[in-house]
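Enquirer: I have a structure I would like to understand better, so I am pasting it below and will then ask my questions one at a time.
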Amino acid sequence: MASPTPLPGLLDIAPYAGGEAEIEGFDKVIKLASNEGAFGPSPKVRAVLEAALDNFHRYPDGDCTKIREAIADKYGYPVQNIMCGAGSDELIGLIARCYAAAGDEIITCAHGFAMYPIYVKQVGADLVVAPETNITVNVDAILERVSARTKVVFVANPNNPTGTYIPKSEVVRLRTGLPDHVLLVLDGAYSEFVDRDDYTNGAEMVAASDNVVMLRTFSKIYGMGGLRLGWAYCPDEVADVINKTRSPFNVSYPAQIAGLAALEDDAFLEHARAHNIQWRQWTSDEVKKLGLEVPDSVCNFVLVWFPDEPGRSAEDANQHLKSRGIIARRMAGYGLPDALRISIGLEDEMRAVVAALEEFTGRNDTGTG
Ligand SMILES: *Cc1c(COP(=O)(O)O)cnc(C)c1O
């Protein structure tokens, strides 16, 4: 009997595996696996959600009017160029689907965000992977891989899971070097965490061209990953195409009102940013003192490298952290089998991680001198 057949390639997709949330035997874990924002949402977000329970049976505003206006006002962008999605993930998927198909190519970077390849396969396009240099985006490697079939380039800047970024001069060189028909998607999921003068999220390039999109999310610094709200600042035509192809009520009512409240709480944002800078630095310094390598990160997580040796490896470290109730993220799926990614959480959580890694490295030193 013939069964329904999905499009070619779809069954080959390995589904995205999110960070774990539980450890057997622990009622409460320290979850530092998904870069979720140390504080959770602003108290103002909690308040509007509680007050809104009476409206949960109503459909949301399908056009996301208020939240789009609030974003446009806050940053000074034209409202018609803001599109919202159920997380920036949805927007990544829509862009891939609207701009590429079988026979086309989409370029991503070697250690880029894991959802890009999934969406590329979903639309049947060919994935072209540009190598990185020192786990940092290499603009020349991207430009060398452009062909007449290239439709989209996805670059997270700064990048997850590496935590590194390329400066404005490099982003400009990338756009300038790409043919006009190639859409450059700059994913700024972590842009609020960056504290470097030479950084750009690319918004000025969106304003000045018709082939750059900037993506942002409420999932990271705003601590609203569970609500699913992301947005794109995009050229007129891209906005139009996303608007025509999204599902009619793609952003839930709670997500819309939570986003509005979050945007109004600048003090919360500043607090989260300052906390992250302080504890990212502290965590990096303390972990380095244990003899482990920690590349500079401008995000709300750090990568920690472990030696590829029995008893001392990233997987051994991961198991040790788990035995202490701490969930970090293995990076084998990102081509970084010797690294763990650890999100920056609350002060006591970071102290617990460092203490557990101290035990781990100390344990391994015992007996080996
Ligand atoms: C977390 C993340 C996203 C997705 O965020 P959502 O808005 O929750 O879908 C997008 N890009 C990168 C690089 C991320 O790390």
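Enquirer: Work out how much length Ala332 to Ala141 would gain on full extension: take 0.36 nm times their residue separation and subtract the Cα-Cα distance, in nm to one decimal.
Expert: Length gained, Ala332 through Ala141: 66.5 nm.
Enquirer: Report the dimensions of the stretch 326-365 along its three principal axes from the alpha-carbon atoms, largest first, rounded to Å.
Expert: Taking max minus min along each principal axis of the Cα atoms, the stretch 326-365 gives 29, 29, 10 Å.
Enquirer: What is the extension gain from Lys66 to Glu358, computed as 0.36 nm multiplied by their sequence separation minus the C-alpha to C-alpha distance, in nm to one decimal?
Expert: Roughly 100.3 nm would be gained on extension.
Enquirer: Still on this structure, I have one more. With Rg and the Kirkwood Rh both taken from Cα atoms, where does Rg over Rh land for the chain?
Expert: The Rg/Rh ratio comes out at 0.97.
Enquirer: I would also like to ask the following. If I take all pairs of Cα atoms in the stretch 50-134, what percentage of them are more than 21 Å from each other?
Expert: That tail contains 52 percent of the Cα-Cα pairs.
Enquirer: Run the paramagnetic zone check for Arg149: 7 angstrom along Cα to Cβ, then residues of the stretch 86-108 with backbone nitrogen under 19 Å.
Expert: So the set is 96-108.
Enquirer: Kirkwood Rh over Cα pairs of the stretch 86-214 into Stokes-Einstein at 10 °C, 1.306 mPa s: D in µm²/s?
Expert: The diffusion coefficient I find is 110 µm²/s.
Enquirer: Tell me the per residue accessible area of the stretch 43-264 using a 1.4 Å probe; a whole number in Å² is fine.
Expert: That works out to 40 Å² per residue.
Enquirer: Would you kindly state how much longer the chain becomes between Asp180 and Asp54 on full extension, computed as 0.36 nm times their sequence separation minus their alpha carbon distance, in nm to one decimal? Numbers along the way, then the final one.
Expert: Details: separation 126, 0.36 × 126 = 45.36 nm, distance 4.86 nm.
Working it through step by step, the gained length comes to 40.5 nm.
Enquirer: Going by Cβ distance under 4.7 Å, what cysteines of the chain have no possible disulfide partner?
Expert: Cys98, Cys109, Cys234, Cys299
Enquirer: Another one. At R0 = 45 Å, how high is the FRET efficiency between Leu346 and Ala2 if r is their beta carbon distance? Nearest 0.05 is fine.
Expert: Values: r = 55 Å, r/R0 = 1.23.
Here the calculated transfer efficiency is 0.20.
Enquirer: Suppose R0 equals 56 Å; then what is the FRET efficiency for Ser209 and Phe26 from their Cβ-Cβ distance, rounded to the nearest 0.05?
Expert: Working: r = 50 Å, r/R0 = 0.89.
Efficiency, from the Cβ-Cβ distance: 0.65.
Enquirer: What distance in nm separates the simple spin-label points at Ala114 and Gln278, each placed 7 Å from Cα in the Cβ direction?
Expert: Each label point lies 7 Å from its Cα, and together they span 3.2 nm.
Enquirer: I've got another one for you. Within straight cross-link reach of Lys168, meaning Cα distance under 29 Å, which lysines are found once same-chain residues fewer than 8 apart are removed?
Expert: Partners within reach: Lys74, Lys151, Lys220, Lys288.
The values are calculated or read from the model by the stated rules, or taken from the named source; none is laboratory data. Fair warning: this is a prediction, and the values are worked out from it, not measured in the lab. Neighbour counts are summed over all protein chains in view; Cβ atoms, including those assigned to glycine, are modelled from backbone coordinates with ideal geometry. SASA here: full protein model, heavy atoms, side chains in, ligands and nucleic acids out. Shrake-Rupley method; radii C 1.70, N 1.55, O 1.52, S 1.80 Å.
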